[in-house]
Each structure stands twice: as C-alpha cells, then as structure tokens.
1. Where a Cα-Cα gap under 16 Å defines reach, which aspartates and glutamates qualify for LYS170, not counting those fewer than 8 residues away within the same chain?
2. Pairs of alpha-carbon atoms within less than 8 angstrom and 6+ residues apart define the contacts here; what relative contact order does the range 75-221 have, in percent?
3. Quantify how much of the Cα-Cα distance distribution of the chain extends past 27 Å, in percent.
4. Normalise the Cα radius of gyration of the range 156-222 by 2.2 N^0.38 Å (N = residues in it) and let me know the number.
5. Taking 25 Å as R0, compute the FRET efficiency from the Cβ-Cβ separation of LEU55 and PHE173 and round it to 0.05.
6. How much length, in nm to one decimal, is gained on full extension between LYS27 and LYS191, taken as 0.36 nm per residue of separation minus their Cα-Cα distance?
7. What angle, in degrees between 0 and 90 and rounded to the nearest 10, separates the Cα long axis of helix 73-88 from the longest principal axis of the Cα atoms of the chain?
8. Give the order of GLU59, GLU208, GLU35 when sorted by the count of other beta carbons within 10 angstrom, beginning with the fewest.
Amino acid sequence: MKKRTSDIAFDYIKDKIFKGEWSSGEKISSEKELEEEIGVGRSSIRAAVDKLVALNILEKKPGDGTYVKELDSESLLKTFLPLIAFSEGSYYEIIECRMQLDILAIGLFIENMKSEQIEELNEIHERMSKATNDINEFFELDMKFHKLIAKHSQNKTLYLINSILYNILKEFFIEQYKTVPLEKKVQDHEKLLEAIKRRDKELAISYERCNFLETMAKLKIK
C-alpha cells in the first residue's frame, strides 16, 4: 500500500528529532523549507507537524515557528518506540527483540539480586498458579514477574524499554494465552525461578529463550 504523503513528512521530521539533528529547544525548518526538503505538499507538512504537536514532541510558537520541546531520553523512548515498533516491525520482530532484552535482564538480575527480590518473585509465581482461570489477571502477574526482573537488573534504560514493549504486546500475548494451558506457563516460570535462585545464569537464559522460541515458531507457522 502506498504511503500517505503526511506519513512521509511525519517520518522525516520524526527521524530528524530521533537522530538528534534537531535537539530539544531547537527550531525546526519552516513549512516552506520542509516542503522543499521532503517533496510533499504544504498540507501534508502541516498534518505531520500537528501530529507531532499532539504527541507533545513539537511546540508551535505563533509568529516565530515550531520548536522541539524539551525532552529527556525517557520521554523520547515512550513516544517513539511504540511508533517505530508498529510502523517498521512485525510482531515476530518485536518479540524477537523482547527475547534478547529479557535474556539480558535475567543475566543482570542474577548478578545483582537480593533475597527480598527472590521472595517477591516467589509471591508472584504463587499468585500465578492460582490465576489460571483468569487470562487477564494471569497476564498482569506474568508481566509483573518479568518487570521485577528488569527493574532490578540495575539498568534503567533496559527496564524502560522492556516496560514499553510489554505494553505494545499486551493484547497479542493475551490472545496467545488462549491457545496454551496456563498451567504450562506456571511450570515454565517455576523452572526459570528455580534456575534464578541457584544463580544458574546459563540455565535461566536457556529456559527463557526456549519459551520465546515456542511463541515465535507459532507466528512463523501462521
């Protein structure tokens, strides 16, 4: 399907900001300049700019121009990562990315974990075992389990990206849970948890990779 000219303009401006060519507080090119740079009409430029204003990325100053708002790296990730994921990646690719991030999180968690964090994982796992009749509750507990691991990996960026990807994949995984007995998911998490308790990084990562590869194989069959 042919890309709309407003989307072409949106991606052009978004990429300029994302790559740091226009930094926070900097004035972007005028509509006329953008029209010449991108090769699309003025109305498409305005639509793209308005969308970025609505996303709280750009700010219009009457009589002056349009500026990139003051943004930190966390704000940029929260805004752009979902856009990039949905516009450029299939579910397969997003899950593949999340697998690698989860594997990294598990390794770092094992290096930094404390006894109280293991207790928290135990508690979540116990609640999961009692929630196998409620897909939505089970999903929330599953995400809580993995978010706890990412949070205590001691890497804030890893935790943030993981959290965003969980939100992107929420509906997808809820649908997937309808095709797999949740009791099996409980067993999978128990194996992972036991490996973590033993500080067996290689085994824990192996379990996590196998769980993701099962899901990804089903996507390829489709």
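Every number in this text was worked out from the coordinates using simple rules, so none of it is lab data. Small disclaimer: the values here were computed from a predicted structure and weren't measured. With ideal geometry, Cβ positions are generated from the backbone for all residues, glycine too; neighbour counts draw on all protein chains shown.
1. Excluding near neighbours in sequence, the set is GLU93, GLU96, ASP102, ASP134, GLU137, GLU140, ASP142.
2. Details: 117 pairs, mean separation 52.6, N = 147.
With pairs under 8 Å counted, the relative contact order is 36 percent.
3. Details: 11075 of 24531 pairs.
For the chain, the share of Cα pairs beyond 27 Å comes to 45 percent.
4. Working: Rg = 13.4 Å, N = 67, 2.2 N^0.38 = 10.9 Å.
Relative to the 2.2 N^0.38 Å estimate, the range 156-222 comes out at 1.23.
5. Values: r = 26 Å, r/R0 = 1.02.
Calculated value: 0.45.
6. Numbers: separation 164, 0.36 × 164 = 59.04 nm, distance 5.32 nm.
Contour length minus the Cα-Cα distance gives 53.7 nm.
7. 90
8. Numbers: GLU59 14, GLU208 23, GLU35 17.
Least to most surrounded, the residues fall as GLU59, GLU35, GLU208.
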